[in-house]
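We did not get these values from a lab; they are worked out from the coordinates using the rules stated. Remember, it's a predicted structure, so these values are computed and weren't measured experimentally. Cβ sites come from the backbone with ideal geometry, for glycine too, and all protein chains shown count toward neighbours.
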Amino acid sequence: MRSKGMTFLLLLSLAINAAVLATVGYHYYRNTCLTPSDPCPLSPRDGHLYQSLGLSAVQLSKMEPLAQKFHGRLGELQAALEGKRSLLIDLLQKDSDPAAIETLRREMAGIQDEIQKEVIVHIMESKKILDPDQQHRFFDLMHQTMAAGAAGAGGKGPWSPTHGGK
């Protein structure tokens, strides 16, 4: 049986990962002219998260530089994490020293921690751009999507730890 603290941490992690996925999806859509992106998994329709929040032109102009900075940093961290994952597979395949594997695991956990911190900061900064109604809709949408994803995947939604938290 899970404690309330563990449940809260799991839900926080899921929310953070959902927000990352939504933001990445949105900016992929905005930056891709010729190839349309997949719909945002947090959007109730075929649109994208920010479109469903009804952002004004002023809000979008504030969101864009914030998102570019965030996605640049997130891309760096994800590339570093992917390199570590590849190295981990190599170490596991070669029956390497358990201490080396543990060191690498800790490095990967550190990168994942940095990603979560970046996401939290990004959500907090993005929240400042949204009006109270948009904030309410944003977090309602995150709750609904996480619940639907977990229920539809037998508790293994796209943001669950068993799916790499993505």
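Are any of the pairs K4/K128; K4/K127; K84/K127; K69/K117; K62/K84; K69/K128 more than 22 Å apart by Cα-Cα distance, and if so, which?
Numbers: K4/K128 29 Å; K4/K127 26 Å; K84/K127 32 Å; K69/K117 14 Å; K62/K84 34 Å; K69/K128 16 Å.
Checking Cα-Cα distances, K4/K128; K4/K127; K84/K127; K62/K84 exceed 22 Å.
Once you charge only the Cβ atoms, +1 for Lys and Arg and -1 for Asp and Glu, what is the size of the charge dipole of segment 46-145 about its Cα centre, to the nearest 20 debye? Write down the numbers at each step before the final one.
Details: 12 positive and 16 negative charges, 42 e Å.
The calculation lands at about 200 debye.
Where nothing but the Cβ of Lys and Arg (+1) and of Asp and Glu (-1) is charged, how large is the charge dipole of segment 93-144 around its Cα centre, in debye to the nearest 20? Can you show the working numbers first?
Details: 7 positive and 11 negative charges, 17 e Å.
Its charge dipole is roughly 80 debye.
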